[in-house]
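The values are calculated or read from the model by the stated rules, or taken from the named source; none is laboratory data. Everything quoted here is computed from the prediction, not taken from an experiment. Note that each Cβ is placed from the backbone with ideal geometry, even for glycine, and that neighbours are counted across all protein chains shown.
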Amino acid sequence: MNISRFEQNVKQFIARHQLLDKDKPCLIALSGGADSVSLLLALLHLGYKTEACHCNFHLRGSESVRDEQFSVSLCERLGVPLHRIHFDTEQYASLHKVSIEMAARELRYRYFEQLIQDLEAQGVCVAHHRDDSVETLLINLIRGTGINGLTGIAPRNGHVLRPLLNVSREDILEYLSLQQQDYVTDSTNLVPDVVRNKIRLQVLPLLRTINPSVSDSIATTATHLAEANKMLIATLSDSRLTQTDSKGITAISKEELLSKASPEFVLHALLSPYHFQGTSVLEILNSIDAVGKRWQSSTHQAVIDRNDILIKALEKGKQSCALKIPETGKYSCAEGQYIKVESHARTPDFRPSSKPMVATLDAGKVEFPLTLRRTIPGDRFRPFGMKGSKLVSDFLTDIKCNAFEKEEQLVVEDASQRIVWLIGRRTADDFRIDDSTNQIIQIDVSYTHLTLPTIFSV
């Protein structure tokens, strides 16, 4: 592969996946290794506005110093602005109780995002190539995966762009050789001590004895699977299978799911973006009638509801807490969220509010202090207009609230621990305004969804 063919391949790949705009700056993650050096040169020669960034993780002693010095010298020679940062990676890993690999990943991508924002760049280009994608596919295959795990590395992941996925490591080395461009070598990549290195140094050479073009074959298969996956996702998104409400809760229809030729395959495709793995997907499918059963991925939770499988993002730092309301006044729940409690005499022209987020009650029947809290198992109240009491959970079921809506439901109770109001749903009949009512209490909330863990009284 000559210089022009290499750069043409990169150019075509960028165009096909719409990765870069020549009118906007782009960042290049420059380690000093062959891959990142070839990426920098190719994008420069193709006319992109490039700036480089280098992370020193201080993990490889003198090699870390050497890599940084090489990157500085290269960028000075090419006239490319270079942004540098130093990390105490081991300390970060210890403090956050993560692996060194995860610590380095978190640190560099956090830095990249900040640089992108500061420089108004279109993204950061990283030097993953075709062979990296093949290795990723094999790793996922060994661990067990669905179709998404067999598609290799994506050309784009948010602001992370990968223009070299259409070229091989061999292409990269030939390209640099033709330009007489040197680079540094990370000695840790030459030792088969981790899974990726074992695949690169041991597994793939063995496979090449069977098929010398095995990397090309696997990469082609990954491309076909990626296109098939796109069709699958498009088909699923256009069907009546899923719906997402204004609170970000996704509902997967159990009836529609079970009508598919392969419910397991479809469910895996639907849950993969939410980081549910193969074992969990099978468990969810096998427990599809177990209403209330839950699962959790690294980012989301799933629950079996009456007619749907519900998916919702995890809420970090969520805790059970309550807001005490000792008297009338205005209370802050979160930024821009308030609950206001007022009392006034009943006038001849008084009419109870019909707004769902406003409750009007008989002040003589309400005992302060009031408490704003989430529902708990066993909560009962007498809904307005009903003679007998009812479990709050049953009432919410009757009005077709899903499992997540139930657990997020807020109530106001008085000093006698009687539920006064299911906020936004129904007041309690015990506190209704009647002919004997002289004084009115009005409770007004300024939000439709309360961030309860942050509430405090003013």
Inset, instruction - From the list GLU101, GLU63, pick out the single residue that is within 15 Å of GLY32 (Cβ to Cβ) and at pLDDT below 95. - result: GLU63
Legend entry - Cross-chain or 6+ apart pairs with Cβ under 6 Å, region 189-201 first and over 9 Å from GLU135 (Cβ atoms), then assigned to a loop (DSSP other than H, G, I, E, B) and of a type outside the set (Gly, Ala, Ser): LYS198/PRO192; LEU201/PRO192
Inset, instruction - For region 1-37, name all the residues that are of a type in the set (A, V, I, L, M) and more than 29 Å from the chain's Cα centre (by Cα). - result: MET1, ILE3, VAL10, ALA34, VAL37
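Based on this model, can you work out whether ILE3 counts as under 27 Å from ALA104 (Cβ atoms) and either surrounded by fewer than 21 Cβ atoms within 10 Å (Cβ to Cβ) or of a type in the set (Lys, Arg) (or both)?
no
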Legend entry - Check on HIS300, out of contact with any Leu (no Cβ under 7 Å at 6 or more places or on another chain), in contact (Cβ under 8 Å) with a residue 24 or more places away in the chain, over 30 Å from SER416 (Cβ atoms) and not acidic (Asp, Glu): no
Inset, instruction - Considering every residue within region 50-66, establish whether at least one is small (Gly, Ala, Ser), closer than 30 Å to ALA93 by Cα and exposed (fewer than 15 other Cβ atoms within 10 Å of the Cβ). - result: yes
Legend entry - When residues of region 97-126 are limited to those that are under 24 Å from ARG196 (Cβ atoms) and of a type in the set (Asp, Glu), the one surrounded by the most Cβ atoms within 10 Å (Cβ to Cβ): GLU106
Legend entry - The listed residue being touching a residue at least 12 places away in the same chain (Cβ under 8 Å) and touching a Gly at 6+ places or on another chain (Cβ under 8 Å), out of ALA403, ALA359, ALA363: ALA403
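Conditions (1) touching a Pro at 6+ places or on another chain (Cβ under 7 Å); (2) at pLDDT below 90; (3) under 23 Å from GLU315 (Cα atoms), marked per residue:
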| position | (1), (2), (3) |
| --- | --- |
| VAL341 | no, no, no |
| SER353 | no, yes, no |
| LYS365 | no, no, no |
| PRO377 | no, yes, yes |
| PRO383 | no, no, no |
| ASP398 | no, no, no |
| GLU413 | no, no, no |
Inset, instruction - Please give the number of the condition LEU115 fails out of (1) among the aliphatic types (A, V, I, L, M); (2) under 27 Å from ALA15 (Cβ atoms); (3) over 24 Å from the mean Cα position of the chain (by Cα). - result: (3)
Inset, instruction - Please specify each residue of region 79-96 satisfying the condition of being more than 30 Å from the chain's Cα centre (by Cα) and crowded, with 16+ Cβ neighbours inside 10 Å. - result: VAL80, LEU82
Legend entry - Filtered residues of region 259-276 (kept if surrounded by fewer than 21 Cβ atoms within 10 Å (Cβ to Cβ) and farther than 20 Å from GLU315 by Cα): SER259, LYS260, ALA261, SER262, PRO263, GLU264, PHE265, ALA269
Inset, instruction - Report yes if some residue within region 218-238 is at positive phi and within 23 Å of the chain's Cα centre (by Cα); otherwise report no. - result: no
Inset, instruction - Any chance you could count how many residues in region 86-138 are of a type in the set (Val, Ile, Thr) and closer than 29 Å to LEU207 by Cβ? - result: 3
Legend entry - Count of residues meeting criterion [within 30 Å of ARG16 (Cα to Cα) and crowded, with 18+ Cβ neighbours inside 10 Å] in region 177-186: 1
Inset, instruction - Select from region 187-220 the residues that are polar (S, T, N, Q) and in contact with a Ser or Thr (Cβ under 9 Å, 6 or more places away or on another chain) and write down the one among them that is surrounded by the fewest Cβ atoms within 10 Å (Cβ to Cβ). - result: ASN211
Inset, instruction - Looking for whichever is farther than 26 Å from ASP434 by Cβ, of a type in the set (D, E, K, R) and in contact with a Phe, Trp or Tyr (Cβ under 8 Å, 6 or more places away or on another chain) here; the options are LYS324, LYS340, LYS330. Which one fits? - result: LYS330
Legend entry - Entirely in region 252-343, the strands (runs of 3 or more DSSP E) that have 3 or more residues that are under 30 Å from LEU236 (Cβ atoms): 294-296, 300-304, 308-313
